[in-house]
Amino acid sequence: MKVAKFLSRDKLVEYLDNETNELLEANGIYDISNYGWQSIDEEDPEYIGHARWQVNPPIETEYDFLFGNGKIKNRPTELQKNTCGRR
């Protein structure tokens, strides 16, 4: 017996992603980029390092590495590690 598809793979992924996000938010779990802020332009003192990293990262994000398409090219220096997020 052949099952007829009623939803494309892309639409299924979109639906599951939306459902997952709604459930997470309903339970107080938010996207990582939502942390570090008290308002749209005011940093939260409890997450100050995270907020500053979002606005002014001390090193460039290596997207190739993050998505499994390459190796890390630039490692942070000791100075960058120790001054992360400070202004």
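Some points to look at:
- Scan of the range 56-83 for residues that are surrounded by fewer than 13 Cβ atoms within 10 Å (Cβ to Cβ) and either touching a residue at least 40 places away in the same chain (Cβ under 8 Å) or among the β-branched types (Val, Ile, Thr) (or both), ordered by number: Thr61, Ile72, Thr77, Thr83
- In the chain, counting only helices (runs of 4 or more DSSP H) that sit wholly within it, none holds 2 or more residues that are aliphatic (A, V, I, L, M) and at pLDDT below 85.
- Residue check, Glu46 surrounded by 10 or more Cβ atoms within 10 Å (Cβ to Cβ) and not aliphatic (A, V, I, L, M): yes
- Of the candidates Tyr15, Tyr63, Tyr47, Tyr30, the single residue that is over 16 Å from the mean Cα position of the chain (by Cα) and among the hydroxyl-bearing types (Ser, Thr, Tyr) is Tyr15.
The values are calculated or read from the model by the stated rules, or taken from the named source; none is laboratory data. None of these values were measured; they are calculated from a predicted model. All Cβ positions, even for glycine, are placed from backbone atoms using ideal geometry, and neighbour counts span all protein chains on display.
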